[in-house]
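Here the structure comes first, spelled out in structure tokens, and everything after it is commentary.
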Amino acid sequence: VAEIQTTYYWKKIEDEATLTLETNELGRDIKIDLTRRTYDADTGTIEGFLEKDIEAPFIFEIKDEQDKSIYSGFIKNWKWAEGTVRFNIEDFRVVLDTDIILDYSHGDNDFRLSKVYEKVAEQVKSSAGSFLYDFIIPTDLIDTIAIADYSNQYIIVNAIRFLKTYLSYHNYIIDKVFDYNQNKVVFTFRKQLSDPVEIRLEDFVHEKTK
């Protein structure tokens with residue numbers, strides 16, 4: 001992945017939001033269509049005027065008038081023609097849609113909630129290659145063994161599907177943002193205040209090996 005060296009500013013006329021990309025240019029007439037989801041990946045498109053094409057742009061960020069980040073994500077299916085550009089919004093959480101191994105086979109049977117989150121985060125980071133991810137996980141000592149007991153096993157799971165059960169039951173969401181200073185995507189596990197949602201037996205179907 002190429003390093004992001006410069007900044008791109010596009011202005012969304014109707015609400016004065018700014019779209020940040022990878023070089024110094026001014027765009028206009030921006031149209032943003034974004035569907036947010038709590039646990040699954042957000043989707044959407046951005047379209048607007050851009051005088052010159054960009055080669056393989058990677059990440060965008062939308063900011064408000066106070067330069068506060070509103071939304072950021074990966075750029076997918078970039079298309080530019082005759083001064084008009086369009087691309088799909090790809091949620092940063094797509095990097096969590098990957099298979100990982102959680103090894104509890106050597107007596108590491110700490111099933112406190114934040115430890116479960118940390119174990120998943122470590123595996124995601126170890127498989128991320130050259131691109132950097134960081135996870136901010138608050139200490140939460142609630143025992144999750146009533147949800148599932150993987151003592152003395154290792155399990156092969158899809159990271160986001162595995163997390164979704166614990167997130168929904170304990171009422172967490174994952175915020176995500178690109179940190180330009182450190183050139184990394186930061187995922188923050190944040191507990192909400194409303195009541196937890198119901199979980200189902202089929203949420204726990206994973207491949208496992210004793």
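The values are calculated or read from the model by the stated rules, or taken from the named source; none is laboratory data. All figures in this text were calculated on a predicted structure; none of them were measured in a lab. As a convention, Cβ positions derive from the backbone with ideal geometry for all residues, glycine included, and neighbour counts pool all protein chains shown. The protein model used for the area step is the full one, side chains on, heavy atoms only, and it has no ligands, DNA or RNA in it. Shrake-Rupley method; radii C 1.70, N 1.55, O 1.52, S 1.80 Å.
For the reader, a short list of remarks on this structure follows.
- Residue check for residue 97: in contact with a helix residue (DSSP H, G or I) (Cβ under 6 Å, 6 or more places away or on another chain) and open to solvent by 50 Å² or more (accessible area, probe 1.4 Å): yes
- Where residue 79 falls short, out of the listed (1) surrounded by 14 or more Cβ atoms within 10 Å (Cβ to Cβ); (2) part of a strand (DSSP E or B); (3) not aliphatic (A, V, I, L, M): (1)
- Within region 35-74, the set of residues being of a type in the set (D, E, K, R), part of a loop (DSSP other than H, G, I, E, B) and under 23 Å from residue 173 (Cβ atoms) comprises 36, 37, 40, 42, 64, 68.
- When we screen 195, 143, 179 for residues that are at pLDDT 90 or above and not β-branched (Val, Ile, Thr), the only hit is 143.
- Conditions (1) more than 16 Å from the chain's Cα centre (by Cα); (2) among the aliphatic types (A, V, I, L, M); (3) surrounded by 14 or more Cβ atoms within 10 Å (Cβ to Cβ); (4) assigned to a strand (DSSP E or B): number failed by residue 156: (3)
- Index of the failed condition, residue 132 passing every other in (1) at pLDDT 90 or above; (2) closer than 27 Å to residue 74 by Cβ; (3) among the aliphatic types (A, V, I, L, M); (4) open to solvent by 70 Å² or more (accessible area, probe 1.4 Å): (1)
- When residue 139 is tested against (1) open to solvent by 60 Å² or more (accessible area, probe 1.4 Å); (2) among the polar types (S, T, N, Q); (3) not in a loop (DSSP other than H, G, I, E, B), only condition (3) is not met.
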